[in-house]
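Input: a single structure, listed below in structure tokens.
The values are calculated or read from the model by the stated rules, or taken from the named source; none is laboratory data. What you are looking at is a predicted structure, and each value in this text was computed from that prediction instead of being measured. Backbone-built Cβ (ideal geometry, glycine too); neighbour counts: all protein chains shown.
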Amino acid sequence: MSKHFERDLENIHVQVLSMFAVVEKMIDDSVRAFCDQRTELASEVIATDEKVNAFDVAIEEECLKVLALHQPVARNLRRVTTMLKINSDLERIADLACNIAERALAMQETPYFPIPDQLTTMASDATEMVRLALNSFVDLNVDLAKEVILIDQKVDSANRDVINELRELMVSEPNQVAPALHCFSASRHLERIGDLAENIAEDVIYMVAGDIIRHQHRSYIEKPHEEI
């Protein structure tokens, strides 16, 4: 590997890590804004999206430049393509955090609406998934990536519980439909954040082990892996 290639890869790596940190904070702040009725946090999250968009463009440009100039193969090619895909997923996660923040602002009209307990659990699990996905990327750790995939099952289950609870509430108390729909949206956004964190974990597994595991999680998680 040439020094120029190594330098370019490291530069992209650092940018991806910085983007991870910003997006993780956006998730945490958007959830606190929603659950604690903190409009200032919601506004901060929405304003931060421009920073993430700048990361998105810069990282994509750098990845495409590396592919064109250095024409990497094998493990290095997997590393570049993985960072390109992670970049895209992080940008989408940031958009979802903004959506949650927007729901938080809308909830100001009904400040006493009871937020389902499962929603805060979902938020904690989704944030943990993003954090573990980051650690799996930094440490090239397939086992951590597998943990992300396992946690996604909890997030999916919690999302179903929240939706069922909100449906029952809307039937029994029609005057609560509007805030319940905001909660419904927030829950779906958190569930989608979990899915994208899972995508990142899949990409890390591909980068480290060369295995494409989409649609075959169960069989892969149960077997030991070999780096290639």
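Figures for the structure shown
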| quantity | calculated |
| --- | --- |
| Pick from the range 168-196, criterion without any contact (Cβ under 8 Å) to a residue 60 or more places away in the chain and within 16 Å of I115 (Cβ to Cβ), ranking: surrounded by the most Cβ atoms within 10 Å (Cβ to Cβ) | F184 |
| Residue among M129, M26, M83, M107 that is in a helix (DSSP H, G or I), among the aliphatic types (A, V, I, L, M), under 26 Å from N164 (Cα atoms) and under 16 Å from the mean Cα position of the chain (by Cα) | M129 |
| Residue check for I193: among the β-branched types (V, I, T), at pLDDT 95 or above, out of contact with any Asp or Glu (no Cβ under 9 Å at 6 or more places or on another chain) and within 25 Å of V14 (Cα to Cα) | yes |
| Of residues in the range 135-184 being hydroxyl-bearing (S, T, Y) and out of contact with any helix residue (DSSP H, G or I) (no Cβ under 8 Å at 6 or more places or on another chain), the one farthest from E202 (Cα to Cα) | S172 |
| Cross-chain or 6+ apart pairs with Cβ under 8 Å, the range 109-130 first and at negative phi and free of Cβ contacts under 8 Å to residues at least 24 places away in the same chain, then buried (at least 16 other Cβ atoms within 10 Å of the Cβ) and part of a helix (DSSP H, G or I) | E128/I151 |
| Lone unmet requirement of (1) modelled with pLDDT of 95 or more; (2) of a type outside the set (F, W, Y); (3) surrounded by fewer than 17 Cβ atoms within 10 Å (Cβ to Cβ) for R214 | (1) |
| Residue check, A180 in a helix (DSSP H, G or I), among the small types (G, A, S) and under 19 Å from A94 (Cβ atoms) | no |
| Residue identified as within 30 Å of V208 (Cα to Cα), surrounded by fewer than 21 Cβ atoms within 10 Å (Cβ to Cβ), of a type in the set (S, T, Y) and out of contact with any Gly (no Cβ under 9 Å at 6 or more places or on another chain) among T48, T81 | T81 |
| Condition check for V45: closer than 20 Å to H189 by Cα and at pLDDT 95 or above | yes |
| Looking only at the range 199-211, and only at residues there that are part of a helix (DSSP H, G or I) and not hydrophobic (A, V, I, L, M, F, W, C), the one that is surrounded by the fewest Cβ atoms within 10 Å (Cβ to Cβ) | Y206 |
| The range 87-142, residues that are among the aromatic types (F, W, Y) and at pLDDT 95 or above | F137 |
| Whichever residue in the range 138-151 is in contact with a His (Cβ under 9 Å, 6 or more places away or on another chain) and not aliphatic (A, V, I, L, M) and, among such residues, is surrounded by the most Cβ atoms within 10 Å (Cβ to Cβ) | K146 |
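Conditions (1) touching a residue at least 12 places away in the same chain (Cβ under 8 Å); (2) touching a Ser or Thr at 6+ places or on another chain (Cβ under 8 Å); (3) part of a helix (DSSP H, G or I); (4) among the small types (G, A, S), marked per residue:
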| position | (1), (2), (3), (4) |
| --- | --- |
| F20 | yes, no, yes, no |
| E61 | no, no, yes, no |
| V66 | yes, no, yes, no |
| P72 | yes, no, no, no |
